[in-house]
Amino acid sequence: MPRKQFDASYYKRFYSSTPVHSRKKVALLANSVHSMCAWWDVPVRSVLDVGAGLGYWRDWYAENYPKVKRLSTDISEHACEKYGHEQHDIGTWAPSTKFDLVVCHGVLQYLGDKQAEAAIRNLAKATRHVLYLEVPTKSDLRHVVDKVATDLDIHARTGDWYRNRLSKYFVQAGAGLWVAKSSEAVLYELERTKK
């Protein structure tokens, strides 16, 4: 599959009138993720948003926790120019420092297998404590996603494909949350999922 162009027409098609994730929905999610970090005694002093798109996560942190260091990145030249992100490809780039919370919302499905595996390694390098990851799986494409509002020109993989690669670096905590194995965060047994 050739690399997708995340240009102005892409953003108009998927984010203008009926976005899959509205600012309000992302605010609810960001609040929940931040609260779970607090529950696990994870201080969120820095956030990396990979594939930041419209910048909703960055903006939520700026409004609610302005002292938190924020870095928003995107592969799209259009998004970087319009929404103020740094331009990076998580398949080939990892930051030089770790972040307490890393958000990767709707990115990995656009990458081929080798790129996605490299991206997971780079996400692990970037994550000090918690990764929030959203990526639609084959099952989601059949049973969950809104096929009108969702870009379906993606790589469809099983949940196990992702779990097998992520479990090298993270403990799955559910609800899209993955805790770095190197983190000092302590989870109760039933807060962790098992294969």
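Read-outs throughout are calculated quantities, based only on the coordinates presented, and are distinct from any laboratory measurement. Just so it is clear, the model here is predicted, and its values are computed rather than measured. Here the Cβ is made from the backbone with ideal geometry for all residues, glycine too, and neighbour counts use every protein chain on show.
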**Q.** Single residue of Asp89, Asp49, Asp59, Asp113 found to be within 11 Å of the chain's Cα centre (by Cα) and among the acidic types (Asp, Glu)
**A.** Asp49
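Do you know which residues across the stretch 50-64 are farther than 23 Å from Ser96 by Cβ and surrounded by fewer than 19 Cβ atoms within 10 Å (Cβ to Cβ)?
Glu63, Asn64
Does Arg70 qualify as being of a type in the set (D, E, K, R) and closer than 26 Å to Arg192 by Cα? Write out each step before concluding.
Working: of a type in the set (D, E, K, R): yes; closer than 26 Å to Arg192 by Cα: no.
The answer is no for Arg70.
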Q.
Can you say whether Ala116 is small (Gly, Ala, Ser) and in contact with a Gly (Cβ under 9 Å, 6 or more places away or on another chain), as far as the supplied structure shows?
A. yes
(Q) Let me spell it out: the conditions are (1) closer than 18 Å to Ala94 by Cα; (2) among the aliphatic types (A, V, I, L, M); (3) surrounded by fewer than 17 Cβ atoms within 10 Å (Cβ to Cβ), and Leu190 meets all of them except one. Which number is the exception? (A) (1)
Q: Having 1 or more residues that are aliphatic (A, V, I, L, M) and touching a Pro at 6+ places or on another chain (Cβ under 8 Å) is the bar; report the strands (runs of 3 or more DSSP E) wholly within the stretch 42-115 that clear it.
A: 46-50, 69-74
Q: Give the residue that is surrounded by the most Cβ atoms within 10 Å (Cβ to Cβ), with candidates limited to residues of the stretch 87-113 that are under 24 Å from Lys24 (Cα atoms) and touching a Cys at 6+ places or on another chain (Cβ under 8 Å).
A: Leu101
